[in-house]
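Engineer: Take this structure first; my questions come after.
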Amino acid sequence: MFDYMKQWYNRKFSDPDAITLFLLLLTSFALIILFSDILAPLLVALVLAYLLEWPVQRLTATGLPRLSAVLVVYTSFIAVIVALMLFLVPVVWQQSVALIGELPQMFSQFKVLLNRLPELFPEYITQANINDFIETTTNRALLFGETLLSQSLSRIIGIMALLIYLIVVPLLVFFMLKDKHHLLDHVNKILPQNRRLIAQVSDEMNVQIMNYIRGKAVEVVVVGVFTYICFALFDLRYAALLAVLVGFSVLIPYIGAAVVTLPVFLVALFQFGWTGMFAWVMIVYLIIQALDGNLLVPLLFSEAVSLNPVYIIAAVLVFGGLWGFWGVFFAIPLASLVKAVITALSSKAEPTSGEQQT
């Protein structure tokens, strides 16, 4: 067994390219872990630059100079952001405040519904079970409220950081798009001359990350808009807020959909009760989730879908634990990176007999 592992190590890592790739990945991961807070604006700008690079490439393919294409795309992007800030954000904020204000009333209605369960299912649920559940839920809600109050100072600091983001990130995005080729030239000068494996992995990951970010943006918009239309047709309260939550839940594979189901379920239950309308709302919501997972995701992420769901969930847990939101957001690309590295090492050209003789 030891001899086999030694032979495998010598076969895969005797190549200086493999060692360089390993050290580069190790250094990159260490920098992100140690300086994640400092690098956060840079990561946000990088994601947006990847998102906008595709329309820039489309415009330059028509013969438009890159600077002009960047100005057109960048101006359009800023206009969309301003429109969202003026129209969508105030509505979502108002609905969030209204929902928080109604939470005590909702909790009272929830207790009434729970107290009916022993009458409906006396063989399975007792009043003691309900009382224990209500007490536990109340204590956790109070603890959550105390946590929010204790974090008020950090929230003020977060607002200041948000203001910095609003200034720094747009500037970074513009210069990343404008000076893309110059920046890449500087990076190439830093890297070693012999970097066959690095080039192989980076080329594959560059395409995958661009497709992934673009696909996620499309998925968020499609799922969010379609969810809002359906909820509005049912006249569901807080439709815009819930649609935004459902839309952004697709950023977290599998887990996001499971988590966001709870607020949709509770709001629909408190508005309609155990009625046919409540059932229809939940059926339509589940259909949206099914269409997203079985139709939209395969269309947008054909390469990523080839990853086993177990690997994707494991990547979400591991990278999310390391890097928080960004680890969760990039879980699939990072899992694809691991796969690309393994593929590159496995396909590393073995020396031919002629080369061995020389």
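The values are calculated or read from the model by the stated rules, or taken from the named source; none is laboratory data. Fair warning: this is a prediction, and the values are worked out from it, not measured in the lab. When we count neighbours, we look across all protein chains shown, and the Cβ atoms used for this are built from the backbone with ideal geometry, even at glycine.
Engineer: May I ask you to list the residues in segment 100-136 that are hydroxyl-bearing (Ser, Thr, Tyr) and in a helix (DSSP H, G or I)?
Structural biologist: Ser108, Thr136
Engineer: Moving on. Examine segment 259-266 for a residue that is part of a loop (DSSP other than H, G, I, E, B), without any contact (Cβ under 8 Å) to a residue 40 or more places away in the chain, in the same structural domain as Ile229 (by TED's automatic domain parsing) and not small (Gly, Ala, Ser), and state whether such a residue exists.
Structural biologist: No, segment 259-266 contains no residue that is part of a loop (DSSP other than H, G, I, E, B), without any contact (Cβ under 8 Å) to a residue 40 or more places away in the chain, in the same structural domain as Ile229 (by TED's automatic domain parsing) and not small (Gly, Ala, Ser).
Engineer: List pairs: first in segment 231-244 and assigned by TED's automatic domain parsing to the domain that holds Gly276, second surrounded by fewer than 18 Cβ atoms within 10 Å (Cβ to Cβ) and of a type in the set (Phe, Trp, Tyr), Cβ under 8 Å, 6+ apart or cross-chain?
Structural biologist: Close Cβ pairs satisfying both conditions: Phe234/Trp280.
Engineer: Right, another one. Of (1) farther than 30 Å from Leu42 by Cβ; (2) modelled with pLDDT of 70 or more, Ile164 satisfies all except one. Which?
Structural biologist: Tallying (1) farther than 30 Å from Leu42 by Cβ; (2) modelled with pLDDT of 70 or more, Ile164 fails exactly one: (1).
Engineer: Among the listed residues Ile229, Ile287, Ile209, identify the single one that is crowded, with 19+ Cβ neighbours inside 10 Å and assigned to a helix (DSSP H, G or I).
Structural biologist: Exactly one residue qualifies, and that residue is Ile209.
Engineer: Give Val73, Val80 a once-over and let me know the one that is exposed (fewer than 14 other Cβ atoms within 10 Å of the Cβ) and at pLDDT 80 or above.
Structural biologist: Val80
Engineer: Based on what the data block shows, is Val259 within 19 Å of the chain's Cα centre (by Cα), exposed (fewer than 14 other Cβ atoms within 10 Å of the Cβ) and closer than 28 Å to Val318 by Cα?
Structural biologist: Values: within 19 Å of the chain's Cα centre (by Cα): yes; exposed (fewer than 14 other Cβ atoms within 10 Å of the Cβ): yes; closer than 28 Å to Val318 by Cα: yes.
It is true that Val259 is within 19 Å of the chain's Cα centre (by Cα), exposed (fewer than 14 other Cβ atoms within 10 Å of the Cβ) and closer than 28 Å to Val318 by Cα.
Engineer: Scan (1) farther than 18 Å from Phe87 by Cα; (2) assigned to a helix (DSSP H, G or I) for the single condition Asp235 breaks and write down its number.
Structural biologist: So the condition that Asp235 fails would be (2).
Engineer: Please enumerate the residues belonging to segment 245-256 that are crowded, with 21+ Cβ neighbours inside 10 Å and in contact (Cβ under 8 Å) with a residue 60 or more places away in the chain.
Structural biologist: Passing the criteria: only Pro253.
Table: residues versus (1) outside any helix (DSSP H, G or I); (2) closer than 27 Å to Phe329 by Cα; (3) β-branched (Val, Ile, Thr).
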| site | (1), (2), (3) |
| --- | --- |
| Ala49 | no, yes, no |
| Leu52 | no, yes, no |
| Leu59 | no, no, no |
| Val73 | no, yes, yes |
| Ala79 | no, yes, no |
| Val82 | no, yes, yes |
| Phe87 | no, yes, no |
| Pro90 | no, yes, no |
| Ala98 | no, no, no |
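Engineer: Still on this structure, I have one more. One residue is enough: does segment 310-326 have a residue meeting the conditions exposed (fewer than 15 other Cβ atoms within 10 Å of the Cβ), at pLDDT below 65 and over 15 Å from the mean Cα position of the chain (by Cα)?
Structural biologist: no
Engineer: Turning to a different aspect of this structure: Counting just the residues of segment 267-281 that are part of a helix (DSSP H, G or I) and of a type in the set (Val, Ile, Thr), which one comes out surrounded by the most Cβ atoms within 10 Å (Cβ to Cβ)?
Structural biologist: My answer is Val281.
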